[in-house]
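A.B. asks: Dumping the structure here so I can ask a few things about it.
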Amino acid sequence: MKQNRDQLKKRIAVASGQMPADTVIKNGRIIDVFNLEVIKGDIAIADGMFVGIGSYEGKQIIDAENRYVCPSFIDGHVHIESSMVTPAEFSKVVLPHGVTTVITDPHEIANVSGEEGIRFMLENSEGLPLDVYFMLPSCVPATSVENSGAKLSANDLEPFYNHKRVLGLAEVMDYPALRSGADTMVDKLVMTSQHTGQMDGHLAGLDTDAINVYKAAGIGTDHECNTVEDAIERLRRGMYLLIREGSVAKDLKSLIPVVTPNNARRCLFCTDDKHLDDLMVEGSIDHNVRLAIECGLDPLMAIQMASLNAAECYGLKQKGAIAPGYEADFLLLDDLDSITIKEVYKSGQLVARDGEYVGDLQEKAEPSSELQNTVRIPSLDEADLQIPIRDDGTANIIGIIPNQLNTTHLQESVEIEDGQFTSSLEKDQQKLVVVERHKNTGNVGLGIVKGFGLKSGAIATTIAHDSHNIVATGTNDGDILRAIQALQEIRGGLVVVKDGDVVASLSLPISGLMSGEGYRSMATGLQQLKQSLVDVGFEGGFNPFLTLSFLTLPVIPALKLTDLGLFDVNQFKHIKV
């Protein structure tokens with residue numbers, strides 16, 4: 001936070017007791033994240049900054065009533081688009097959960113709408129009581145093995161570094177391009193090193209040699225660990241470890257044993273991808289903190305990871321602590337076990353109380369018509385969905401691992417009618433379809449998936465990481481086709497179809513990823529969609545739409561589906577069904 005001459009003089013005068021503070025917090029137990037201890041004292045605030053701890057008087061008094069005064073939380077890596085609401089609405093959801101700063105990567109909308117998508121996210125997040133910092137998407141398209149809606153070169157990205165909330169380059173997920181020193185990737189790395197030098201990694205399923213490559217390239221973080229062994233190797237090589245707990249990828253319980261007093265300062269939390277309903281019910285980074293404490297981590301260390309560590313990782317030097325010279329972003333906590341948040345303050349101003357947003361309501365500009373018309377597909381019929389099966393009837397099948405982004409590569413016998421694959425309820429094998437939806441190419445990728453457990457009907461969505469084509473699965477071709485058509489009609493979103501009828505749908509017209517509706521309205525729509533899954537017999541202990549949306553991500557093992565066909569991530573090539 002920049003300060004002018006008069007502000008600096010005022011802060012010095014308040015800190016030295018020569019003039020009253022704007023606000024003083026009294027009767028609080030202050031969480032010291034530098035020494036992991038709890039201290040006492042008045043806290044003076046001037047111009048939205050902490051300026052002193054001691055004995056102070058102020059124009060406004062906040063009586064903490066013996067509650068803990070805690071630095072607010074920072075989400076180290078999040079795709080706001082995964083909440084399906086705009087940044088402005090997203091802020092109203094996460095602020096009551098104690099999150100006042102997020103580091104976001106808009107590569108979801110960028111893969112659909114390019115530079116215009118990034119500009120929309122920047123504009124919609126301007127002036128919020130939530131600080132939204134950006135890492136520029138490094139991989140648009142995510143890989144060369146699929147078709148997305150845009151391509152962003154280093155030259156396309158560089159002008160965004162003029163924006164004060166752009167911190168660096170987001171998760172580099174195209175490891176083959178990095179390892180080979182491809183010019184398109186090296187140009188982005190060099191460009192970033194000349195501006196901020198901050199670069200995030202994405203090392204899903206990669207070995208220690210890959211860590212060496214990433215670190216040698218100047219990339220300093222990874223949020224894709226799911227084993228202690230992998231986490232240790234990253235920490236040993238000087239990476240920051242982002243421990244993720246999202247809606248699909250839930251890695252915290254597996255990784256928290258790696259955190260010790262010796263390495264905790266290199267660890268922080270993130271959500272990555274989390275649906276709106278999970279954010280509202282479960283929480284954001286506050287949930288990570290609570291879960292870490294439940295797993296036996298020292299509460300003060302968990303809070304340090306959620307605040308100071310995240311701030312230092314991303315060079316936010318005035319965030320993450322209750323101390324002079326830091327921004328007055330803080331929480332009042334009732335306890336250190338359940339992390340019950342009584343009040344949330346941003347720059348010294350109350351923005352949430354008792355789980356409800358109480359900040360200002362700001363009107364935001366509507367997205368352009370181009371952003372709201374991104375589903376472009378040709379007319380399809382059931383003949384376009386046929387998968388020929390020859391030889392002995394054995395097929396390569398994508399096996400779902402509930403609540404994980406990884407899949408397994410199965411080889412099983414399948415049911416065949418007239419030489420074509422047909423879904424089997426008994427074997428829990430369903431057809432999986434990806435339809436390119438950006439440029440009306442007519443590309444249709446076909447595969448088989450096991451583990452959804454649908455008894456009838458089909459589900460489909462335009463949220464399909466990272467190129468966000470249409471992805472659909474179901475028990476019969478007619479319902480799959482109807483689901484694809486329904487997505488075109490509602491300009492993108494999520495649908496459930498049974499017997500040719502749309503049982504439920506949720507429209508996401510902004511790049512097929514987000515709605516301009518309020519978060520409460522969206523939450524109601526999501527609940528109705530979830531209830532409709534009963535109609536198609538879904539009984540799994542995971543979110544089927546989230547799982548479906550990651551079956552198209554060809555950078556996370558083992559088997560995925562793109563608009564160009566079935567993709568073996570380990571071999572990094574397309575294979576036959």
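The values are calculated or read from the model by the stated rules, or taken from the named source; none is laboratory data. All of these numbers come straight from a predicted model, not from anything done at the bench. With ideal geometry, Cβ positions are generated from the backbone for all residues, glycine too; neighbour counts draw on all protein chains shown.
A.B. asks: Could you please tell me which pairs satisfy a Cβ distance under 6 Å, a separation of 6+ or placement on different chains, a first residue in region 27-43 that is within 13 Å of Pro71 (Cα to Cα), and a second residue that is assigned to a loop (DSSP other than H, G, I, E, B) and among the aliphatic types (A, V, I, L, M)?
C.D. replies: Sorted first by the residue in region 27-43, then by its partner, the pairs are Gly28/Ala64; Ile30/Ile322; Val33/Ala321.
A.B. asks: So for region 95-105 (the condition being small (Gly, Ala, Ser) and part of a helix (DSSP H, G or I)), does at least one residue qualify? Walk me through it before giving the result.
C.D. replies: First, pick out the residues of region 95-105 that are small (Gly, Ala, Ser): 98.
Retained after the next criterion (residues that are part of a helix (DSSP H, G or I)): none.
Among the residues of region 95-105, not one is small (Gly, Ala, Ser) and part of a helix (DSSP H, G or I), which makes the answer no.
A.B. asks: Here is a follow-up. Given the criterion surrounded by fewer than 21 Cβ atoms within 10 Å (Cβ to Cβ) and modelled with pLDDT under 95, identify the matching residue among Lys274, Lys250.
C.D. replies: Unique residue meeting the criteria: Lys250.
A.B. asks: I'm trying to understand the selection: among the residues of region 382-428, which are of a type in the set (S, T, N, Q) and either at positive phi or part of a strand (DSSP E or B) (or both)?
C.D. replies: Answer for region 382-428, where residues must be of a type in the set (S, T, N, Q) and either at positive phi or part of a strand (DSSP E or B) (or both): Thr394, Asn396, Asn403, Thr407, Thr408, Gln411, Ser413, Gln420, Thr422, Ser424.
A.B. asks: Right, next: When only residues in region 238-251 that are part of a loop (DSSP other than H, G, I, E, B) and under 11 Å from Arg266 (Cα atoms) count, which is farthest from the chain's Cα centre (by Cα)? Outline the logic, then answer.
C.D. replies: Just the residues of region 238-251 that are part of a loop (DSSP other than H, G, I, E, B), to begin with: 238-239, 246-249, 251.
Subsequent filtering for residues that are under 11 Å from Arg266 (Cα atoms) retains 238-239.
Numbers: Gly238: 24, Met239: 20 Å.
Taking the candidates together, the pick is Gly238.
A.B. asks: Identify, please: which residue in region 164-183 is of a type outside the set (Asp, Glu) and loosely packed, with under 15 Cβ neighbours inside 10 Å and is, among those, nearest to Tyr314 (Cα to Cα)? Write out each step before concluding.
C.D. replies: We begin by selecting, within region 164-183, every residue of a type outside the set (Asp, Glu); these are 164-170, 172-173, 175-182.
Restricting the remaining residues to those that are loosely packed, with under 15 Cβ neighbours inside 10 Å gives 164-165, 176, 180-182.
On the way: Lys164: 14, Arg165: 12, Pro176: 26, Ser180: 27, Gly181: 25, Ala182: 26 Å.
Ranking the qualifying residues of region 164-183, first place goes to Arg165.
A.B. asks: Turning to a different aspect of this structure: Can you pull out the residues in region 31-74 that are within 19 Å of Ser307 (Cα to Cα), in contact with a Phe, Trp or Tyr (Cβ under 7 Å, 6 or more places away or on another chain) and of a type outside the set (A, V, I, L, M)?
C.D. replies: Scanning region 31-74 gives Phe50, Cys70, Pro71, Ser72.
A.B. asks: Let me ask something additional. Name every residue in region 191-219 that is part of a loop (DSSP other than H, G, I, E, B), surrounded by fewer than 18 Cβ atoms within 10 Å (Cβ to Cβ) and either in contact (Cβ under 8 Å) with a residue 12 or more places away in the chain or touching a Gly at 6+ places or on another chain (Cβ under 9 Å) (or both), in order of residue number.
C.D. replies: Here is the first cut: in region 191-219, the residues part of a loop (DSSP other than H, G, I, E, B) are 196-197, 202-207, 217-219.
Cutting the leftovers down to surrounded by fewer than 18 Cβ atoms within 10 Å (Cβ to Cβ) gives us 196-197, 205, 207, 218.
Within region 191-219, Thr196, Gly197, Gly205, Gly218 qualify.
A.B. asks: Now a separate question. Every residue in region 309-349 that is part of a loop (DSSP other than H, G, I, E, B), in contact (Cβ under 8 Å) with a residue 60 or more places away in the chain, farther than 22 Å from Asn27 by Cβ and not aliphatic (A, V, I, L, M), please.
C.D. replies: Tyr314, Gly315, Gln318, Lys319, Gly320, Gly325
A.B. asks: For region 363-385, give me each residue that is surrounded by 13 or more Cβ atoms within 10 Å (Cβ to Cβ) and either in contact with a helix residue (DSSP H, G or I) (Cβ under 8 Å, 6 or more places away or on another chain) or within 19 Å of Gly500 (Cα to Cα) (or both).
C.D. replies: Lys364, Pro367, Ser368, Leu371, Thr374, Val375, Ile377, Leu380, Asp384, Leu385
A.B. asks: If you don't mind, another one. Can you tell me how many residues within region 470-514 are among the hydrophobic types (A, V, I, L, M, F, W, C), over 24 Å from Ile398 (Cα atoms) and either touching a Phe, Trp or Tyr at 6+ places or on another chain (Cβ under 7 Å) or buried (at least 24 other Cβ atoms within 10 Å of the Cβ) (or both)?
C.D. replies: Looking only at that region, the number is 4.
A.B. asks: Could you tell me which of the residues Ala352, Ala306 is in a strand (DSSP E or B) and touching a Leu at 6+ places or on another chain (Cβ under 9 Å)?
C.D. replies: The unique qualifying residue is Ala352.
A.B. asks: Another question about this same structure. Out of the residues in region 515-531 meeting the condition of being among the small types (Gly, Ala, Ser) and free of Cβ contacts under 8 Å to residues at least 60 places away in the same chain, tell me which one is surrounded by the fewest Cβ atoms within 10 Å (Cβ to Cβ).
C.D. replies: Looking at residues that are among the small types (Gly, Ala, Ser) and free of Cβ contacts under 8 Å to residues at least 60 places away in the same chain, I get Ser521.
A.B. asks: Continuing with this model, one more query. Do you know which residues across region 508-562 are closer than 23 Å to Glu171 by Cβ, part of a helix (DSSP H, G or I) and touching a Pro at 6+ places or on another chain (Cβ under 9 Å)? Quick ask: steps written out before the conclusion?
C.D. replies: Here is the first cut: in region 508-562, the residues closer than 23 Å to Glu171 by Cβ are 508, 510-514, 543, 545-562.
Add one more test, that the residue is part of a helix (DSSP H, G or I), and what stays is 545-550.
Across region 508-562, the qualifying residue is only Thr547.
A.B. asks: When region 109-120 is examined, which residues are found to be within 21 Å of Thr192 (Cβ to Cβ) and either surrounded by fewer than 24 Cβ atoms within 10 Å (Cβ to Cβ) or touching a Gly at 6+ places or on another chain (Cβ under 8 Å) (or both)?
C.D. replies: Passing the criteria: Ile109, Ala110, Asn111, Gly114, Glu115, Arg119.
A.B. asks: For region 549-577, give me each residue that is hydroxyl-bearing (Ser, Thr, Tyr) and under 10 Å from Val145 (Cα atoms).
C.D. replies: Answer for region 549-577, where residues must be hydroxyl-bearing (Ser, Thr, Tyr) and under 10 Å from Val145 (Cα atoms): just Thr562.
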